[in-house]
Amino acid sequence: MSRSSESIDRSAAGATAVVELRDVVATLGRFPALSGATMRVERSEIVLLRGPNGAGKTTLLRLCAGLVPVVRGEAFVMGHDLSVDRERVRPLVGLLGHQNGLYADLTVAENVRFWGATVGASTAEVDAAMDRMGVADRLADVPVRKLSAGQKRRAALAGLVARRAQVWLLDEPHAGLDQTGRDELDATLQQAADAGATILVASHELDRAESLATRAIDVVAGQTSDGHLS
Amino acid sequence: MRVLRVAWLIARKDLAIERRSRIITNQVLPFAAVTMVIFGFALDANTDVLELVAPGLVWLATMFSLLLLVQRTFAVESDDGALDAMRVAGVDPRAIFVGKAIGLGIQLLVLEVVLLAAAVILYGETIRGSGVVLLVTTLISATCGLAAVGTLYGGLAAGSKGRETLLPLLTFPAVAPVLIGATRAVESALGTGAAELSEGWQWVSLLAVFAVAFGVGGALAFGPLIDE
Amino acid sequence: MTTLDPTDTTGTTTVASSTGRTPGTRATNVIAIATGVAMTWLVLFALVFSPADANQGESVRLMYIHLPTIWVAYLSFTVTAVSSGLYLFTKKQSLGWDRLAGASAEIGVIFVGLTLVVGSLWGRLTWGVFWQWDARLTTTALLFVTYIGYLAVRRLGGSHQQRAKRSAVIGLVSVLLLPLVHWSVRIWRSLHQSPTILDTDLDADIDGTMLLSVFIGMVAFSLLYTWLVMYRTRVMAMEDLVEDQGLDLALAERRAEGVGR
């Protein structure tokens, strides 16, 4: 599925951006991972963050998730000021980083149910999420340590779905997935965006992700600039 | 209360993981038992001396094993970034603290019972009927305090490299009151060195205050401590 | 919340106003002189004017250091606790409080160490042993280790705000710990009666000059503490400033890296 690279009308009256960053600086210890990030993401967009290793994509995502503090600049997610209100942002977003956040010794079902229950999702919602991510039935009772990378990814995403996160922050989600896995992932992301979620994807997999995204942002040496999709 | 409900979910999750992986049963409990044996070597296995210091040795072995238990309970979280995921999901840090502490506490209790059994077998301790209530109360109140301190400092020491060695340094001075109180209380319960039961109850009140102080203080302090 | 921002002059404006190359200002110099004077008085009184004790002989003179140092140690840990609380619970969360807490704790640790050493010497001379497991000594030893742990936590790294928050929490927890430690040790040692030849208190009707010497000691060491804390806090502020400027450099480098591509 390909999309034309039309830009979103940003001056839509009354529209509050889901994510808005202005000259944001963020550090990992002493190192300025983000040296001046500016971007604006509207609802239901699927934005691709492109950039080489060490560019700051992961830090950018973690900042939007409220995990990394803002050192300079302004950052707003879902209307909340991240310099002041990081904790409030967290339940609204879902972050899938390099790690999956799964407990290796528990089964997929136990993991997803645990994550669902801690945020108050009902059993029905949890089961529906597992179904959608294709980890119900056959995989449900398999301990996570026995799954392939792609299956673990899907299990982690089921947690995101169960939580009904409104902003999805995905760090290289396609990594380690086979063709089918990637297709399924893309379909899920498309569905989520259609249902109103806003999605930021950091990826190296340019061919893959470009066909999915509505827009691209290049991240280089901690700074951002608008990019073009081919 | 929502915090307690989530805490219980977390505690159950930890116990489920232990049931599956059996790390504590296969590694930490044997370690604890071995320390009891090694104490015998170091103290020259003179039965009279051992019987006298047995309560102290039990709690010493508990302290060393506590470090392993704490490291394990937080390794489970940092292995796949689960603690981070909990923070992102907006789980109340107080719930995380209470949940991890409950899980830790239950494992500690099992450990302490095993160590007491070892003391009976290896050091010739006898448990008198009149002291059983005191003994059980001591175990529970001491465990609550140890679990609270362990969880608090464990959360701080977890994660980044070069932090694990911080755990013993922070924990040992902090659990000194428990070591003192629990040993004396157990001495009273067992009647070691002609200690009276009444003294033991005095110590239990100290242990209870400690547990409450660190339970409440820890729950409040945990959030700021694990945040970046 | 600009944490590493060098334009954040919280607590650092006084640094900028110093004229010399050291962190000294007029205030610290005044205190330094006062300390020097007080210390001279102390030496005179402790070694010359006050008499030897009837029981302890000349070794009582160590008390004129020993008592003030433990007093200062308690003072410094109280300051640490209060500034930790002020850091956490004031709206502005000024880093100055964090630096005060850290500086005070560092000095406190040194003074506790000093107390233990001087106390051991005194014990050796008076009782014949370096150490006794009485309530006070044991609590003091645990106090020492607890705050070494606090200092270790301060060194964990990260941004200044992270360090401040973490340390403030641990600072308050340590203060929570102290009464519990004291209580437990005190009951412990009172249950096991040991003859109190180990009493470090001075006799009730002590010589007036000795009392005066102790008092001078308190004043002198308190002044010393004040001077050290002021100095150390300012040095810490300068260290933080240097790190902040490091951030600007790092940012410039990073941005240049991007341009070069």
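The values are calculated or read from the model by the stated rules, or taken from the named source; none is laboratory data. From a predicted model like this one, the values you see are computed outputs, not experimental measurements. A quick note on method: Cβ atoms are made from the backbone with ideal geometry, for glycine too, and the neighbour counts reach across all protein chains shown.
Descriptive notes on the structure:
- Exclusive hit being within 21 Å of B:Gln202 (Cα to Cα), in contact with a helix residue (DSSP H, G or I) (Cβ under 9 Å, 6 or more places away or on another chain) and in contact (Cβ under 8 Å) with a residue 40 or more places away in the chain, set B:Gly40, B:Gly124, B:Gly56: B:Gly56
- Set A:Arg145, A:Arg153, A:Arg164: member being outside any helix (DSSP H, G or I) and touching a residue at least 40 places away in the same chain (Cβ under 8 Å): A:Arg164
- Any chance C:Phe221 is at pLDDT below 90 and either within 13 Å of the chain's Cα centre (by Cα) or under 30 Å from C:Phe49 (Cα atoms) (or both): no
- Count - residues of the stretch B:16-27 that are part of a helix (DSSP H, G or I) and either within 11 Å of chain A (Cβ to nearest Cβ) or of a type in the set (Phe, Trp, Tyr) (or both): 7
- Tally, over the stretch A:73-86, of residues that are surrounded by 23 or more Cβ atoms within 10 Å (Cβ to Cβ) and either under 10 Å from A:Val24 (Cβ atoms) or at pLDDT 90 or above (or both): 3
- Number of positions in the stretch B:192-211 that are surrounded by fewer than 19 Cβ atoms within 10 Å (Cβ to Cβ), in contact (Cβ under 8 Å) with a residue 24 or more places away in the chain and within 11 Å of chain C (Cβ to nearest Cβ): 1
- Some residue of the stretch A:201-222 being under 21 Å from A:Val108 (Cβ atoms) and either surrounded by 20 or more Cβ atoms within 10 Å (Cβ to Cβ) or touching an Asp or Glu at 6+ places or on another chain (Cβ under 9 Å) (or both): no
- Here A:Thr58 fulfils each of the conditions (1) under 17 Å from B:Met86 (Cβ atoms); (2) among the hydroxyl-bearing types (Ser, Thr, Tyr); (3) touching a residue at least 60 places away in the same chain (Cβ under 8 Å) apart from (1).
- The set of residues from the stretch A:120-142 being part of a helix (DSSP H, G or I), in contact with a Lys or Arg (Cβ under 9 Å, 6 or more places away or on another chain) and either within 12 Å of another protein chain (Cβ to nearest Cβ) or not β-branched (Val, Ile, Thr) (or both) comprises A:Glu125, A:Asp127, A:Ala129, A:Met130.
- With respect to the conditions (1) closer than 19 Å to C:Ala237 by Cα; (2) of a type in the set (S, T, N, Q); (3) in contact with a Gly (Cβ under 8 Å, 6 or more places away or on another chain), C:Ser174 lacks only one, and its number is (1).
- Meets criteria (at pLDDT 90 or above and of a type outside the set (S, T, N, Q)) for B:Glu77: yes
- With respect to (1) in contact with a Phe, Trp or Tyr (Cβ under 7 Å, 6 or more places away or on another chain); (2) at pLDDT below 95; (3) surrounded by 24 or more Cβ atoms within 10 Å (Cβ to Cβ), the lone exception for B:Gly145 is condition (2).
- Of the residues making up the stretch A:108-119, just one is more than 8 Å from chain B (Cβ to nearest Cβ) and surrounded by fewer than 21 Cβ atoms within 10 Å (Cβ to Cβ), namely A:Ala109.
- Checked against the criteria, B:Gly215 does not count as surrounded by fewer than 23 Cβ atoms within 10 Å (Cβ to Cβ), under 16 Å from B:Val136 (Cβ atoms) and more than 9 Å from chain C (Cβ to nearest Cβ).
- Filtered residues of the stretch B:111-139 (kept if within 10 Å of the chain's Cα centre (by Cα) and either of a type in the set (A, V, I, L, M) or under 24 Å from B:Phe222 (Cα atoms) (or both)): B:Leu111, B:Leu139
- In the set (1) more than 10 Å from chain B (Cβ to nearest Cβ); (2) at pLDDT 85 or above, A:Ala65 fails one condition alone, (1).
- Criterion (among the basic types (Lys, Arg) and touching a residue at least 40 places away in the same chain (Cβ under 8 Å)) met by exactly one of A:Arg50, A:Arg30, A:Arg40: A:Arg50
- C:Ala32 being at pLDDT 85 or above and within 20 Å of the chain's Cα centre (by Cα): yes
- Failed item in (1) in contact with a helix residue (DSSP H, G or I) (Cβ under 6 Å, 6 or more places away or on another chain); (2) under 14 Å from B:Val110 (Cβ atoms), with B:Phe31 passing the rest: (1)
- Restricting the stretch B:56-113 to residues that are touching a Lys or Arg at 6+ places or on another chain (Cβ under 7 Å) and in a loop (DSSP other than H, G, I, E, B), the residue that is farthest from the other protein chains (Cβ to nearest Cβ): B:Ala89
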